[in-house]
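The values are calculated or read from the model by the stated rules, or taken from the named source; none is laboratory data. None of the values given here were measured: they were computed from a predicted structure. Cβ sites come from the backbone with ideal geometry, for glycine too, and all protein chains shown count toward neighbours. The protein model used for the area step is the full one, side chains on, heavy atoms only, and it has no ligands, DNA or RNA in it. Shrake-Rupley method; radii C 1.70, N 1.55, O 1.52, S 1.80 Å.
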Amino acid sequence: MGLAQSAEAAAHVTQTQTQTSTQTSTSNNSNSTSLDSVLAEAAAYGNNDDTEESIEAKAQRALECPCIADLRTGPCGFQFSEAFLCFLKSTAEEKGSDCVSPFVALQSCIKANPNAFSKDVLGEDESEKSEPTQEYKILPPQWSREPQSPKSRL
Amino acid sequence: MGREEEAETQTSICKDAPNLLSFFVDTFVDFSVSGLFLLPTPPLQNPNPSISRSLPPLPTRLPSPSRLIAVGDLHGDLDKTKQALRLAGLIDASDRYVGGSATVVQVGDVLDRGGDELKILYFLEKLKREAARSGGKIITMNGNHEIMNIEGDFRFVTKTALDEFRVWEQWFSVGNKMKGLCQGLETPTDPFKGVPMSFHGVKREFFDGFRARVAALRPNGPISSRFLSQNVTVLVVGDSLFVHGGLLPQHVDYGLERINEEVRDWINGSSGKFSPQYCRGRNAVVWLRKFSNEVAQNCDCATLEHVLKTVPGAKRMIMGHTIQTAGINGACENRAIRIDVGMSRGCGGGLPEVLEISKNSGLRILTSNPLYQNMGNAGLNVGKEELLIPAHGGLREVEVKA
């Protein structure tokens, strides 16, 4: 399939945060770090008296939902879960911007397994078989054209 | 928590799960394509649920801001785009918007001649959202190259650009497959419906790229509806009239608001493949060069005056579209300001310049041209880069070309 990251994405990864994806709580911008650790602590001690659930607990619940079920299976299910969890817990203004590492891990998995999220075993979209109802003409650039050969003049 | 409460909590969270999944997928795809994370979409200005599918009208006439910056054609060159914005003090070294409450108008032609088209579209979108938070505004306009690409006229597309779209399509399709796996979400529309599998006379190796570009940019395609439908085609800000090519009296008669609405509706797929008539041909609003001849005296100043008279308050027309080798300049006694400096690598790599109109200092050209650096810096040992793009730029008067 040859999926490639844009140059921007690659640069972003090498230049910005290094995230460890093994931690259960994300390390956000510095002003939310203390909040995060409080939440992580509450979750760890299973705060049953609190009717308000921590972000961590809510995120874990979301992972159990029917909508998510099929996405967690298959070759990239683990990477998907990590990325989705991180995203849910992200309190950054640009939500998910503190999830570069799990996002990149998911990208790598998809590149290695292009059909990771295809619907059925056969994997092909039905759209590939449908014919266009009418000719959609483009004007291509010169460099993309086939050279004119004498044969084609028939 | 008791068992019943557990179940209730789980159910209520799962009601939100499809939307959260959708939000996650969009964020993941955006990051994969652009390397960026965007702020949330700003809330609509006029939310009116009683009118189905109605969008808030595009801004056609805006009051004078305290600072207005006009940026010319970008043609797929992200580096030059950033240089131009930095020159105007609109972004910092980390690409963050720092322009405060300024209004920025980019007069079109983001597409073609360069390989950073999607990167620029995403970058401008990021800045639009950041600007909105500081009370600033970034307005992008349709150039002839936007109109052409939406119509499938790809004559000025580069190889790198085609590749960028091919990569976009791969991530976009993965995203759609992911959404399709969540039962609570509607299966996304296939962006390839009706897109040909092959293109006559085109080398086979480029079929994928062109399929992706057609899918993305045709009317109601994912890229045109997301980014290009936000563009205005004509714009009045204070006493400045903005258009990519030029406006004729018949365009004003037709109606500026009407032009903006019709072009947007066309981009969103309501009127077929071809753009409205005033977007095509040499007298089109996006193709006209009557007021942009580099030899100023060859400009049709009489018609320009006529047009300005018919737009209340308009003192000048600001246009891109025609490369000015000498940089930004004015014709017809500065009633026509031409701001396309051909800054893209694909257009000869002209030195970035932007036009500034401010309450304090009137009309100024902010230039990276070393000939116009402040004389005060002349003794300093600055690196070559800084000479070209100093923090406060150089200023020069708007030239009236004789």
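Tell me: how much accessible area in total is hidden between B and A, 1.4 Å probe, Å², nearest 100?
5600
Just want to confirm a number: the relative contact order over chain B, from Cα pairs under 8 angstrom separated by 6+ residues, in percent.
18
Can you tell me the mean projection area, over all orientations, of the convex hull of segment B:84-212's alpha carbons? Units nm², please.
Projected over every direction and averaged, the Cα hull of segment B:84-212 covers 10.3 nm².
Would you jot down the residues in segment B:117-158 that end up with at least 30 Å² less accessible area in the complete protein assembly than in the chain alone, with a 1.4 Å probe?
B:119, B:133, B:152, B:154, B:155
Using a 1.4 angstrom probe, figure out how much accessible area segment B:136-284 has per residue, in square angstrom, rounded to the nearest whole.
Computed with neighbouring chains in place, this is 36 Å² per residue.
Compute the Cα gyration tensor for chain B, then decide on rounded, prolate or oblate, letting a ≥ b ≥ c be the square roots of its eigenvalues: rounded whenever a/c is under 1.5, prolate when a/b is larger than b/c in the other cases, and oblate in all that remain.
Cα axes put chain B in the prolate bin.
Using the basic label-point model (7 angstrom from Cα toward the beta carbon), what is the residue B:309 to residue B:239 distance in nanometres?
1.8
Mind checking the full-extension length gain between residue B:15 and residue B:133? Use 0.36 nm per residue of separation minus the Cα-Cα distance, one decimal, nm.
39.4 nm
Ignore the peptide's own chain and count Cβ atoms of other chains within 10 Å of each Cβ in B:5-11; give me the average, rounded.
That works out to 2 on average.
Assuming R0 = 51 Å, what is the FRET efficiency of residue A:112 and residue B:283, from their Cβ-Cβ distance, to the nearest 0.05?
Once the sixth-power term is evaluated, E becomes 0.40.
Students often forget the sequence filter, so: which lysines lie under 24 Å Cα-Cα from residue A:58 once same-chain residues fewer than 8 apart are removed?
The qualifying lysines are A:89, A:95, B:15, B:179.
How many nm separate the modelled label positions at residue B:298 and residue B:183, each set 7 Å beyond the Cα in the direction of the Cβ?
Calculated label separation equals 6.9 nm.
Ignoring any ligand, DNA or RNA, what whole percent of the accessible area of segment B:241-370 comes from carbon and sulfur when the probe is 1.4 angstrom? Don't jump to the answer; show the numbers that get you there.
Working: 2460 of 5180 Å².
That fraction is 48 percent.
Under a plain spin-label model, where a point goes 7 Å from the Cα along Cα-to-Cβ, how far apart in nm are residue B:92 and residue B:265?
Between residue B:92 and residue B:265, the label points sit 4.5 nm apart.
Ignoring ligands, DNA and RNA, what percent of the accessible area of segment B:97-222 is carbon or sulfur (1.4 Å)? Walk me through the intermediate numbers first.
Details: 1880 of 4060 Å².
Ligands and nucleic acids excluded, carbon and sulfur give 46 percent.
Suppose only helical runs count, i.e. DSSP H with n ≥ 4. What mean residue ellipticity at 222 nm does that imply for chain B under -39500 (n - 2.57) per run, divided by all residues and rounded to the nearest 500 deg cm²/dmol? List each step's numbers first, then the result.
Details: 11 runs with 137 residues, N = 402.
Helices in chain B give a 222 nm mean residue ellipticity of -10500 deg cm²/dmol.
Loop-only GluC sites (Glu not before Pro) in segment B:50-130, please: DSSP not H, G, I, E or B, and at most 16 other Cβ atoms within 10 Å.
Sparse-neighbourhood loop GluC sites (Glu not before Pro): none present.
Name every cysteine in chain B that ends up alone, with no second cysteine's Cβ under 4.7 Å, or say none.
B:279, B:299, B:347
Among residues other than residue B:63 whose Cβ falls under 12 Å from its Cβ, what is the net charge (Lys/Arg +1, Asp/Glu -1)? Numbers along the way, then the final one.
On the way: positive: B:61, B:137, B:359; negative: B:239.
Counting the neighbours of residue B:63, the net charge comes to +2.
Using only Cα atoms, what Kirkwood radius does segment B:176-260 have, in angstroms? Mind dumping the intermediate values first?
Values: mean 1/r = 0.0607 Å⁻¹.
After inverting the mean inverse Cα-Cα distance, the result is 16.5 Å.
From a point 7 Å beyond the Cα of residue B:203 in the direction of its Cβ, which residues of segment B:105-129 have a backbone N at a distance under 18 Å?
B:113-115
Explain nothing, just compute: Karplus ³J(HN,Hα) = 6.51 cos²θ - 1.76 cosθ + 1.60, θ = phi - 60°, for every residue of segment B:328-333 in order, whole Hz, x for Gly and Pro.
4, 7, x, 10, 6, 6
Calculate, for residue B:193 and residue A:69, the FRET efficiency according to 1/(1 + (r/R0)^6) with r their C-beta to C-beta distance and R0 30 Å; round to the nearest 0.05. Show your work: numbers first, answer last.
Working: r = 28 Å, r/R0 = 0.93.
E between residue B:193 and residue A:69, to the nearest 0.05, is 0.60.
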